[in-house]
Amino acid sequence: MGLLLLVVAGWIVRLEDWRSYTALAAGGRAVDDTAYETEEKPGGIVRWLTTVDHKDIGILYGLFGTFALAWGGTMATLMRTELFTPESVLLEATTYNALMTSHGITMLFLFGTPMIAAFANYFIPLLIGADDMAFPRVNAIAFWLLPVAGILIWSPFFLTAFGIEAAQTGWTMYPPLSINQDVLGVDLMILGLHLSGISATMGAINFIATIFTERASDVGWERLDIFSWTMLTQSGLILFAFPLLGSVLLMLLLDRNLGTTFFTTDGGGYILYQHLFWFFGHPEVYIIVLPPMGLISLILPRFAGRKLFGFKFVVYSTLAIGVLSFGVWAHHMFTTGIDPRIRSAFMAVSLAIAVPSAVKVFNWITTLWAGRLRMTVPMLFSIGFVSNFIIGGVTGVFLASIPVDQVLHATYYVVGHFHYIVMGAIAFALLGAVYYWFPLVTGRMYQRRLGLIHFWLSFIGTNVTFFAMILLGYGGMPRRYAEYLPQYASLHQITTVGAFLIFIGGVVFLWNMIQSYLEGPRVEDGDPWNLKDDGLSTNEWTWFERKVETRLADGGEEEVMADGGREGDDE
């Protein structure tokens, strides 16, 4: 790992043209003839392997995130198929545990964070009027660390013939299990997570620098869009939280391989691990939920026919969540025996952080209440987000109460609550953004009927699956069990049916995206959503309108993707 970082640092020092990013006193940019802005993009695979254009990198993030979603969703479907019956039929218990471990890490670190980075890379420079990200080559490096991280995390599933087993620790990797499990897959997973953390940190630095220094002269803080505000807050959380993850992973790696005692009873103990891990782990929840909140705050008003109600309050609530998120980590540890006075303090902050989230919900509902709604596919996913987020948030408030948490801790109630947020809210917001910006990125329109089928399968499947999990938790069903008592069979079977609905919806989504990209109707209007009628068009659509006009002037025969793949489209 150290050697890899030295190689990356050396490459940056040797090849990076730092002068091309240095602002001049007059507000311009120092660019010489060798700067990347003047270079014509190569064609074919070389373009995608060497690109530093923020739109290309956004597409790469999106493709990687989509693959991770498909991979993680397939693992979840296999687990739910196994859980259709109380006894193990399809999978051995060790295989189930490995799938459960990899599923959690995949969806959080290889789908959620990269998919958010896809939208941020592509659209933030367009929204704020910047030419590109502040550090384009660092941006490219941050992406290319992710495929390596994915290979390290997923490879044990393909190396079982060579005696390499996948990790079976759960995504939280609690010691002593993560220390005593003598499996190479655990070390590979730790290294992969470390790389993903480095990638996220590099991206966060880039987003902060871009939003602070690359905004157009007419985009002041008061005019900064809500998605950029949430990305700025998320990037700040990453800078404070991910170093803790890196430290924990390094200490865990040393305990496993060099006999150190950071997390053994002779050292700091297992409670130390939980404190350090959850100091990262709970801000991580807001790291992956704040940008989707920003996406919903951006998209939902466009189809409500009015501006977002209480814009300033939404911004302030975003900043409040960012601050409070570092004071709630120990609510994951109410059953560990820590001092009751400390538990009470964390319970109070955990209840308090629900207030800024509720502020956002009331602003979204008020925007809808007085609006003129258009039930497009992006709007349906936005409303689905609000609905699922309310259920996920309310069930989380119960877990913030110490007596309730001690009853429901480590049951399926926690799984249902968490998945209402991750799948029901975060994934819905990201999918809604895909549909919203699909015409801009591809120059084509998707099939609306398939989009509606995808939404209803996902919405019904999500609520059937995860509400049944909440009922299982109330019944006392422990989480992470490959086998269970027959009394829980009916609810497990309902959960599996819902999971299959989600999976089928995902297949419809992939087919719609691929088929529409290849054969969908061309977008001949720079305002495909008719946003100008309500005065709600944003900068990225102005940029897209110029592209469409240029394409039509050139004869309209060229296929364009992202930035058209042509030089001169980056103004």
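The orientation-averaged projected area of the convex hull spanned by the Cα atoms of the chain comes to 26.8 nm². Using a probe of 1.4 Å on the protein chains alone, the accessible area found for Thr265 is around 110 Å². Taking every protein chain into account, the accessible area of region 378-524 amounts to 38 square angstrom per residue (probe 1.4 Å). Lysine pairs in the chain whose alpha-carbon atoms fall under 15 angstrom of each other, counting only those eight or more residues apart or on distinct chains, come to 5.
Where the centroid of each part is defined by its Cα atoms, how far is region 343-396 from region 464-481 in Å? Value for the Cα centre distance between the two parts: 23 Å. Working from Cα pairs under 8 Å separated by at least six residues, relative contact order for the chain is 15 percent.
Taking label points 7 Å from Cα along the Cα-to-Cβ direction, Gln406 and Glu483 give a separation of 3.2 nm.
The distance linking region 151-180 with region 272-334 is 31 Å (Cα centroid to Cα centroid, whole angstrom).
Annotation: extensible slack from Val355 through Leu452 equals 31.6 nm (criterion: 0.36 nm per residue apart, minus Cα-Cα distance). Shape descriptor for region 68-160: Rg over Rh equals 1.15 (Cα atoms; Rh from the Kirkwood inverse mean 1/r). Modelled label positions at Ile514 and Phe84, each set 7 Å beyond Cα in the direction of Cβ, lie 2.4 nm from each other.
Each Lys and Arg contributes +1 and each Asp and Glu -1, all at the Cβ; summed about the Cα centre of the chain, the dipole is approximately 1680 debye. Scoring 465-477, 312-324 by mean Cβ neighbours within 10 Å over their residues and listing the highest first yields 465-477, 312-324.
Annotation: Leu368 carries an accessible surface of approximately 30 Å², with a 1.4 Å probe and no ligand, DNA or RNA atoms counted. For region 463-535, applying the loop criterion from DSSP together with a ceiling of 16 other beta carbons within 10 Å to the trypsin sites (Lys or Arg not before Pro) yields Arg480.
For Val186, the shell of other residues with beta-carbons less than 15 Å away shows a net charge of -3, using +1 for Lys and Arg and -1 for Asp and Glu.
Per-residue ellipticity at 222 nm computed for the chain from its helices equals -21500 deg cm²/dmol, with DSSP H segments shorter than 4 residues left out and the rest contributing -39,500 (n - 2.57). Length gained on full extension, Val497 to Arg47, computed as 0.36 nm times the residue gap minus the Cα-Cα distance: 157.7 nm. Over region 337-430, the fraction of Cα-Cα pairs per 5 Å bin, rounded to whole percents and listed from the shortest bin up, is 3, 13, 18, 21, 17, 12, 8, 5, 3, 1, 0.
In a Debye calculation with equal point scatterers on the alpha-carbon sites of region 208-275 and no solvent, what is log10 I(q)/I(0) at q = 0.23, 0.24 Å⁻¹? Those come out to -0.95, -1.00, one per q.
Compared with the dominant Cα axis of the chain, that is its longest principal axis, helix 226-257 is turned about 40°.
Comparing region 274-324 with the 2.2 N^0.38 Å rule of thumb, its C-alpha radius of gyration ratio is 1.42 (two decimals). Comparing Trp71, Thr95, Ile296 along the charge dipole axis of the chain, the residue lying farthest to the positive side is Ile296, per the Cβ-charge model.
The values are calculated or read from the model by the stated rules, or taken from the named source; none is laboratory data. It should be emphasised that the depicted structure is a prediction, and the values quoted were computed from it without experimental measurement. With ideal geometry, Cβ positions are generated from the backbone for all residues, glycine too; neighbour counts draw on all protein chains shown. Keep in mind that these areas ignore ligands, DNA and RNA; they rest on the heavy atoms of the full protein, side chains included. Shrake-Rupley method; radii C 1.70, N 1.55, O 1.52, S 1.80 Å.
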